[in-house]
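S.K.: One structure follows; several queries about it will come next.
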Amino acid sequence: MNLVSGKKGHFFALAAVTIGIFLGTALNSTAQMSKANRILLTRGLQLQGLIQPADIFHQDIYYNASYNTMNWGGSTAPDLQGTSPGVPWARWASDATQLPPLSGEAPFMGQLVSLSLSDEPYLDSSSDFIAMLNFFNAANATTYFTNTILFVNNWGAEVSDSGLTSFIAQAHPDMITFDEYPWQSVYDSSQPNSTGAVIPGPPTSFYSELRRYREFSKNYNIAFGIYRQAFHAVQDYNSTIYRNPSPSELRLNTTSALAFNAKMLIDFVYNAGATSLFDIEPNGYSGDLHTNALYNEMVDINRRAKNMGPALVRLTSIYNMHNTNDVNPPPGPVSTDVAFPDGTMTSTMIVRGRVISNGTTYATPLPAFFVADPQAFTNAANPNNSIYTWWEALKNDPYLNGWVVTNKAGVKNSGLPGDVIISWFKVLDESMDGTTYSNEVYMMVVNALSDPTGTAADCMQEIKLNFLVGTNISAVTMIDPETGLLTTNTMPVLAGSGSSTKRQLVLDLNGGDAVLFKFADGAPFVGQLSAPKLSAHVQSGNPTITIQGTPYSNYRLDWSTNMTSGGWNVLTNINIPTSPYTFTDITAGTGPRFYRAVATP
């Protein structure tokens, strides 16, 4: 431990530790990073459940499922948020008169993470558009929401592209979200309140909306999120039955959204009578008293997402390819095919599975703006034929050269392979790699085979990815989704010679599960905190502490007057935009003071 003496009798003992709990504070911003992304770097990937205050609610049951922000549907229950400043929270606001702080909310405003302004406004209507524009103008003019994500939610396909474009350009939301609930059953008109045959996946229309919102997010440098389906309902008015999702479907609802770069997942609903996560008593008011099997699945699903979260909030989707003949081309790689259709989704690829209908085997349907690759097989009857959406070697990454997908469990989908989603990411800001590395490529692979019945293990697939042998790539670095720890996965060389020599990564994933990895080239894995190092000097009579750590990561700076007796006090919480980062303590006075830095989640 270093002792540094300075003017006015200050003495600084500098210690670094790597445990602690982040309490939340303003984030030091950079010009190119959006407000929502800056907040998410501090608050983390958002995993929220929509809580009904009128129903029974327990904080421990909620947080045991790895949610990180309490989301109140309409009114809040401040008494359930602890003592000030409380826990991170969010809620809906129906109009400008319902903006926080309402009664009892003022002491907790520093922990307000996100605020939904209205819900499902019809933005293609001029009256709704103007009302929502005024709503956002009022909220953006309020100093309370400097560190709060203000967003608007619509149901899938509710708003046209032109309507959403105009609204984003004028209202400047920090985030856009949508709700599209894919897990349904056939409506039985003769028995309206009974459940007909289940409608299985893949959730093609949900993927289409993920792509659409991902494009708006990318084009306007804002974040996007989704509502997950965690409810069941019979809607006679539009002949729709929403059923409880299966374990593999609930997982896929999560991982597919993350693969498209969603940053906020909100469960509709958490503890209301329509919940999928709890068994409800006949009176409908048991809330979260009786956890069930799907709640236990959510515990695992949220833990996996949370473990990947520190990396995911620091990543953004790569750009799609464009045609070589484009005038003033957009960013991103150029297609080698002169017939490449601009607007095609290429930053995410779907290796298409198979479905059987009336005895005939087909490739799974395509979401909007996903185009069948012209080099892929077309004969779906042979499960060994790889059929996939547009992909070109060496464009999204330098190494991927092929893949093989096998329905390893073999008990669902008639033993045929299901979809696999592969997405490519880059770092949100190049400084997150440090000064030595740039243009790092991250990949997420999702086993998108789901089934309305059975376990996630029943939908296990083996996914073999083949990579070209390169001079600096023999392994990938991967986040273990169960622990959050990094693992190094060495890829063996397959038999072959010359250009046919490849390395192979083998992934066995349960239905709906995913992995996130990068090529092991020595660059740090974003989101993995390094232990902070401190130094100090006196400037203008005040101690100035220099923190060396991981850029865009959270650190807590503590002080004490006596190292031997402990008693550390929180000085400040900082998300450092650069390393090294300096902080001046203007509260130190003239006595001795010791400092330590704590890396926090």
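Read-outs throughout are calculated quantities, based only on the coordinates presented, and are distinct from any laboratory measurement. Only a predicted model underlies this, so the values are computations on that prediction, with no experimental measurement involved. Virtual Cβ from ideal backbone geometry, glycine too; neighbours counted across all protein chains shown.
S.K.: Neighbour counts of other C-beta atoms within 10 Å: give me Met298, Met33 arranged from fewest to most. Before the final figure, lay out the partial values.
M.R.: On the way: Met298 27, Met33 17.
Arranged by neighbour count, lowest to highest, Met298, Met33 become Met33, Met298.
S.K.: What does a probe at Ile56 reach in segment 234-277, counting residues whose amide N is under 20 Å from the point 7 Å along Cα→Cβ?
M.R.: Inside the label zone: 269-277.
S.K.: Right, something else. Apply 1/(1 + (r/R0)^6) to the Cβ-Cβ distance of Asn385 and Val493, taking R0 = 22 Å, and write down the FRET efficiency to the nearest 0.05. If you can, show how the numbers build up before the last one.
M.R.: Numbers: r = 26 Å, r/R0 = 1.16.
In this case the efficiency is close to 0.30.
S.K.: Also, I was wondering about something else. Quick check: Cα centre of segment 522-601 to Cα centre of segment 30-84, how many Å?
M.R.: About 27 Å separates the Cα centre of segment 522-601 from the one of segment 30-84.
S.K.: Which peptide among 304-310, 442-448 comes first, and what is the full order, when sorted by highest mean count of other Cβ atoms within 10 Å?
M.R.: On the way: 304-310: 22.4, 442-448: 26.3.
Ranking the peptides 304-310, 442-448 by packing returns 442-448, 304-310.
S.K.: How much length is gained if the chain between Ser205 and Ala393 is pulled fully straight, taking 0.36 nm per residue apart and subtracting their Cα-Cα distance, in nm to one decimal?
M.R.: Contour length minus the Cα-Cα distance gives 64.9 nm.
S.K.: Over the Cα atoms of the chain, Rg to Rh with Kirkwood Rh, two decimal places? Don't jump to the answer; show the numbers that get you there.
M.R.: On the way: Rg = 25.3 Å, Rh = 25.8 Å.
Rg/Rh for the chain comes to 0.98.
S.K.: What FRET efficiency comes out for Ala368 versus Asn542 if R0 is 60 angstrom and r is the Cβ-Cβ distance? Round to the nearest 0.05.
M.R.: 0.55
S.K.: Right, here's the next one. Efficiency by 1/(1 + (r/R0)^6): what FRET value for Thr143 and Gln32, r their Cβ-Cβ distance, R0 = 30 Å, to the nearest 0.05?
M.R.: Working: r = 23 Å, r/R0 = 0.78.
The calculated FRET efficiency here is 0.80.
S.K.: Report the Cα centroid-to-centroid distance between segment 223-271 and segment 340-410 in angstrom, as an integer.
M.R.: 25 Å
S.K.: Taking 0.36 nm per intervening residue step and subtracting the Cα-Cα distance, what contour gain separates Ala293 from Val570 on full extension?
M.R.: Working: separation 277, 0.36 × 277 = 99.72 nm, distance 4.06 nm.
The Ala293-Val570 span can extend by a further 95.7 nm.
S.K.: OK, next. Distance from a point 7 Å along Cα→Cβ of Asp161 to each backbone N in segment 198-225: keep the residues under 15 Å and list them by number.
M.R.: Hits in segment 198-225 for Asp161 at 15 Å: 208-220.
S.K.: Continuing with the same structure: Arrange Asp585, Asp236, Asp174 by Cβ neighbour counts within 10 Å, fewest through most, would you? Working shown, then result.
M.R.: Working: Asp585 19, Asp236 11, Asp174 24.
Least crowded to most crowded, the residues run Asp236, Asp585, Asp174.
S.K.: Next question, about the same structure. Would you mind giving the three semi-axes, in whole Å and largest first, of the ellipsoid equivalent to segment 35-313 according to its Cα gyration tensor? Provide the component values of the computation, followed by the final result.
M.R.: On the way: eigenvalues 149, 110, 71 Å².
Calculated on Cα positions only, the semi-axes equal 27, 23, 19 Å.
S.K.: Same structure, new question: Under a crude label model (7 Å from the Cα following the beta-carbon direction), how far is Ser75 from Val327 in nanometres?
M.R.: Calculated label separation equals 6.0 nm.
S.K.: To continue, here is another question. Kindly work out what percent of the DSSP beta bridges joining two residues of the chain are antiparallel, to the nearest 5.
M.R.: Percentage antiparallel, nearest 5: 70.
S.K.: If the convex hull of the alpha-carbon atoms of segment 348-431 is projected onto planes in all directions, what is the mean projected area in square nanometres?
M.R.: Values: hull surface 29.1 nm².
Spelled out: convex hull of the Cα atoms, projected over all directions, averaged, 7.3 nm².
S.K.: Give, in nm to one decimal, the length gained when the segment between Leu133 and Ala106 is fully stretched (0.36 nm per residue of separation minus the Cα-Cα distance). Walk me through the numbers on the way to the answer.
M.R.: Values: separation 27, 0.36 × 27 = 9.72 nm, distance 2.52 nm.
Residue separation times 0.36 nm, minus the Cα-Cα distance, leaves 7.2 nm.
S.K.: Here's a follow-up. Using 10 Å bins from zero, what percent of all Cα-Cα pairs in segment 348-519 falls into each bin?
M.R.: 9, 34, 36, 16, 3, 0
S.K.: Calculate how large, on average over all directions, the projected area of the Cα convex hull of segment 383-473 is; give the answer in nm² to one decimal. Mind showing how you got there, number by number?
M.R.: Numbers: hull surface 31.4 nm².
In nm², the orientation-averaged hull projection of segment 383-473 is 7.8.
S.K.: Do any chymotrypsin sites (Phe, Trp or Tyr not before Pro) in segment 230-326 lie in a DSSP loop with no more than 16 other beta carbon atoms within 10 Å, and if so, which?
M.R.: Working: sites: Phe231, Tyr237, Tyr242, Phe260, Phe268, Tyr270, Phe278, Tyr285, Tyr295, Tyr319; in loops: Phe260, Tyr270, Tyr285, Tyr319.
Listed in order of number, the matching sites are Tyr285, Tyr319.
S.K.: Could you rank the peptides 89-95, 68-74, 128-134 by their average count of other C-beta atoms within 10 Å per residue, with the highest value first?
M.R.: Details: 89-95: 19.4, 68-74: 21.6, 128-134: 16.1.
Order by mean packing, descending: 68-74, 89-95, 128-134.
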